[in-house]
Amino acid sequence: MLRTSTRSWTISRPVSTRLGSLFRSYHSETHPNTIVDEKSVESRILTKAIEFIPEHGFHQNTITQAIRALGYPDSLQSVITNSSNSPDFSLVLHWLKVQRQKLEQHLVDPTSEFHTIKDEYERVAYAIKKRLQYNGPIINQLGSGLSHLVVPYNVSQSLAELHSLSDDIAFYAGDMSHDLAWYTKRVGFSSIYVSSELYQLQDSSEGFRRTNAFVDEKVHGLKRLGSAYNDVEQWGVFNAISTVNLIKSQLLRG
Amino acid sequence: MLTRIVYKETPVCRRYFSTISRRFQEALSSEDKEAAKKYYGDDVNYGELSKAQKAFLDRVIRVDQAGELGANYIYMGQYMVLASKYPHLRPVLKHMWEQEIHHHDTFNKLQTERRVRPSLLTPLWKIGAIGMGAGTALISKEAAMACTVAVETVIGGHYNEQLRVLMNQYNVPVYDKSTGEQLSGDEINTDIEISPEISSLKDTISEFRDEELEHLDTAIQHDAKKAVPYMLLTEGIKMVCRGAIWTAERV
């Protein structure tokens, strides 16, 4: 009797690991990859709520305002409170996702200035600065928004969102690394992004000029670090090969 | 007892003939159906892949990249040791190595395009693979071939497992591009039931599997079975490879 092997893989097996959930999964080319599902009621409310953030902050009130502005019954609050996240945090996370989507749309737009830049790291700096510009309209509420992200219960979701952002930036900047450099770059971009955002909170210069300079400096530092590492690696490999050859030639001489 | 057998046999006879004519009819009607299908490729959109489907593809690309990297470095190690000692093996090894380099490059490209994270243990795979290749080659050329046999057996089997899942589990809804209506199976051509992305991945994997199995034959032709101790070597290496596959999928 034929029996299907139980060892063979099935798709239903839970496959995500802790590490896997931190990084974005497979990016498809012919199937849609959605960041924000614009059709769901929840995201429609939260997207509307973004308009009220400058006034009311990342707060449940903002969501209430949005529900009323859309002409929905107040009971729809339950759509938001239903998830395991607090309404405030849901709003922060949604806001981050919308901004990330906006950035992605800007980066893939063939007419955008981004495509005139050739150097990978300059593209990275451009993308980070562009993303920080999106913080502009809500800069007064940003501090309280960020404070939701670092609540221990929320940290894993915040980090996942942060890494998705840095992965977007690295990918569109043209990263082609296949080894540990892949991780180094993404962690580097994430930390540059976070530190620049904290800098931005204190920055009162026009158009965040000082923040932009800060980003440029940090990205330049990371680029130097990368090339230093590559130089050391090349030097090491060269020396290893020449040592082997030296030993070989000495052995041949007897 | 006897009557039962007779009873069983008669309908079999009859069905035999009827099947033929029915098959004939089926073949005819399926040709008609194929002609009636309106959608041929660039006029459809595909639905979103589920989380589990994506996670599986993620694993497939990561583990295949790590595996091809390993194969590439194993042949590099073998070539380093054997090429100068046995000039007659040089073209054989070179040919296999070049194919592995091509496989490795293909999966490297897929990894960056599809935004899959590479295995965290990449440096370990590099060192381990080059050590395995050079180590077995240092024992004897037969041992190196036995190593090839073990590795290619495991890789071939693993590719087959992946193909089995890609074959069965990747039917997503297909929509008309202009109207957005979901299409039924009768309307679309069989070639485009699965998105070109998945079918090209399937083609790549099955092509690579065939080449890996070709390497297996080559290794056996070059006296792999004469390696001492053959069983210990091949089974040991197979175990190591399975462990590496398990780890590379996850970490």
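The values are calculated or read from the model by the stated rules, or taken from the named source; none is laboratory data. Quick caveat: nothing in here was measured; it's all calculated off a predicted structure. FYI the Cβ positions are ideal-geometry reconstructions off the backbone, even for glycines, and counts take in every protein chain you see. What goes into the accessible areas is simple: the full protein's heavy atoms, side chains included, and nothing from ligands, DNA or RNA. Shrake-Rupley method; radii C 1.70, N 1.55, O 1.52, S 1.80 Å.
Brief remarks on what is shown
- Partners for B:Lys94 among lysines (Cα-Cα distance below 20 Å; same-chain residues under 8 apart left out): B:Lys85, B:Lys126, B:Lys141
- Amide H within-cut-off set for B:Val44, under 5 Å, with H built and near neighbours excluded: B:Lys177
- Cα gyration tensor, the protein assembly as shown - rounded (a/c under 1.5), prolate or oblate: oblate
- Over 21 Å apart at the Cα level, from the set A:Lys48/B:Lys177; A:Lys130/A:Lys223; A:Lys39/B:Lys202, are A:Lys48/B:Lys177; A:Lys39/B:Lys202.
- Apportionment of accessible area to carbon and sulfur, the stretch A:25-80, percent (1.4 Å): 49 percent
- Residue-count net charge about A:Leu146 - beta-carbon cut-off 15 Å; Lys, Arg +1, Asp, Glu -1: -3
- Sequence of A:Leu91, A:Leu96 from largest to smallest accessible area, 1.4 Å probe: A:Leu96, A:Leu91
- Buried accessible area, chains B and A (both chains, 1.4 Å probe, Å² to nearest 100): 3500 Å²
- Amide H contacts of B:Tyr39 (H built 1.01 Å from N, in plane; Pro and chain starts excluded): B:Asn189 sit under 5 Å, all sequence-distant by 5 or more or on other chains.
- Gyration tensor (alpha-carbon) shape descriptor, the stretch B:39-250, a/c threshold 1.5: prolate
- Per residue, the protein assembly as shown reaches -24000 deg cm²/dmol at 222 nm when only DSSP H runs of four or more residues are counted, each adding -39500 (n - 2.57).
- Dipole magnitude of chain A, debye to nearest 20 (Cβ charges: Lys/Arg +1, Asp/Glu -1, about Cα centre): 880 debye
- Gyration tensor verdict on chain A (Cα atoms; rounded if a/c is under 1.5, prolate if a/b is larger than b/c, oblate otherwise): oblate
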